[in-house]
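Below is one structure, written out as structure tokens, with a few remarks after it.
Any read-out appearing in this document is the output of simple, stated calculations on the displayed coordinates, not a laboratory observation. Because the structure is predicted, anything quoted here is derived from the model rather than measured. Here Cβ is always computed from backbone atoms with ideal geometry, including for glycine, and neighbour counts include all displayed protein chains.
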Amino acid sequence: MATAISVSSIFSTHSPKLSALPTLSLYIHIPWCVKKCPYCDFNSHEIGKKGSSLLEDEYVSALIRDLEMALPQIWGRPVTSVFLGGGTPSLLSAQAVDKLLTHVRMLLPLELSAEITLEANPGTFEAQKFADFRAAGINRLSIGIQSFNPRHLQALGRIHGDKEAHHAIEIALKNFDNVNLDLMYALPDQTLEEASHDIALACASGVPHISAYHLTLEPNTLFYRFPPSLPDDDLAAEMQLMIEQTVSSWGYANYEISAFAKPNYQSCHNLNYWQFGDYLGIGAGAHSKISFQHKIIRQMRYKQPKQYLAKLLTKDSVGDPIQSEHEIQAEDRVFEFMMNALRLTSGFQVDSLQARTGMPITTIQQQLEEAEQRNLISWDHYRIMPTLTGRRFLNDLLQIFLKCKE
Ligand code: SF4
């Protein structure tokens, strides 16, 4: 390979240019939940608490206004996927989702085959409503099951029990063929057998996609302040291994650290994040990453639903819903790219680094060599992939690329 060049020296003289803009997806945030879960650090607000209420009509109008105002930044770019996340988007009526998606189609060149996902809480499932979501254009459901064990669901503060979990999957599969189940492991006082039972039930349900996340204690959550008794690292690692082996025996491929899919059911929307694609995020607290030829920006919209609504719907107002915006500096681009792309089992194509960041692969030659020597990646002229060790010790692998910023 050519001699390594330091990133800072390359970009001190000129701004890196992108030869083409990446794939663009749309994220729509719905910021309300029936009840706040004690482990959750998402921008979700409990209905009825501190005057928070589901203001469906106003919020849908604000989202449409938000999208209209964002159009100049993404003008003419095709949108390959839409994701309604939260919060609990399944609290919306099917009519509201229909209105929203109708405007999305009118305002954006949404590809005919676009994946359109709605996140649903098993505590909000009604058969007719989900048939109507399907008719409105939703073609993928992501259900927050978390566990099938009543004791663990209670410990997690979920509003559903095991019966609702099974019922939700049954209704989902009647209306959708593309369904994801979100599960969590390393739950309070969970045993390996209990985790194994959860994952076996998820696989046996017949859904084509499963996401399994390690429960972590995030700052600003109730669990962080009052930590429950959690499995130790060794047991959590055993659970992770058991999950990987179980889903593999059921025919799911582990294409990303926490994501498992049957053939042709990988999540297009999430793949776009991991491939360092662009996304426009609308709604309270939504994040965006948008590329231009000479810069890449990140934005965040106002987090509090009331503040977000006030910015967009105050009489005569054309307020800006964007609370903060910054450019991703050249020296940060590689690390951010790596942080996403190395989550994927198949890694990334060598030329995609330059396409997405404007930086030649030679700028990270030293880091790649170090990672290879430590058996954390393998690579040829086309692809760079994390090894099994690299996936297990992803933080160690990423530390190597943190040096790109120095
Ligand atoms: S339902 Fe989901 S978004 Fe809402 S509080 Fe619980 S974990 Fe957070």
If you stretched the chain out fully between Asn264 and Ser248, how much longer would it get, using 0.36 nm times the residue separation minus the C-alpha to C-alpha distance? 4.2 nm
May I ask you to order 123-129, 330-336, 222-228 by the average number of other C-beta atoms within 10 Å around their residues, highest value first? 330-336, 123-129, 222-228
Cα→Cβ-extended label distance, 7 Å offset, between Glu369 and Ser53, nm: 6.6 nm
Extent along principal axes [Cα atoms of the chain; Å; largest to smallest]: 61, 59, 42
Can you flag which of Lys36/Lys262; Lys129/Lys303; Lys49/Lys303 are past 25 Å Cα-Cα? Lys36/Lys262; Lys129/Lys303
Relative contact order (percent, whole number), region 88-244, Cα cutoff 8 Å, 6+ residue spacing: 20 percent
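Take peptides 184-190, 231-237, 152-158 and line them up by average Cβ neighbours within 10 Å, highest first, as a rough protection proxy.
Peptide ranking by packing, descending: 184-190, 152-158, 231-237.
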Where the centre of each part is set by its Cα atoms, how far does region 59-77 sit from region 321-347, in angstrom? 23 Å
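Are there trypsin sites (Lys or Arg not before Pro) in region 249-305 that DSSP puts in a loop and that have at most 15 other Cβ atoms within 10 Å, and which ones?
Details: sites: Lys289, Lys295, Arg298, Arg301, Lys303; in loops: Lys295, Lys303.
Within region 249-305, the qualifying trypsin sites (Lys or Arg not before Pro) (loop, at most 15 other Cβ atoms within 10 Å) are Lys303.
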Hey, can you grab everything whose amide H is under 5 Å from the amide H of Gly86? Only 5+ residues off in sequence or another chain; H modelled, so Pro and N-termini drop out. Ile30
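Considering only region 24-274, what is the antiparallel percent among its DSSP beta bridges, to the nearest 5? Mind dumping the intermediate values first?
Working: 6 of 35 bridges.
Counting DSSP beta bridges with both partners in region 24-274, the antiparallel share is about 15 percent.
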For the chain, what's the relative contact order in percent, using C-alpha pairs closer than 8 Å and at least 6 residues apart? 19 percent
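If Rh is defined by the Kirkwood formula over all Cα pairs and Rg also comes from Cα, what ratio Rg/Rh do you get for region 68-135?
Values: Rg = 13.2 Å, Rh = 13.1 Å.
My calculation puts Rg/Rh at 1.00.
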Longest to shortest principal axis, alpha-carbon extents of region 258-375, angstrom: 61, 37, 23
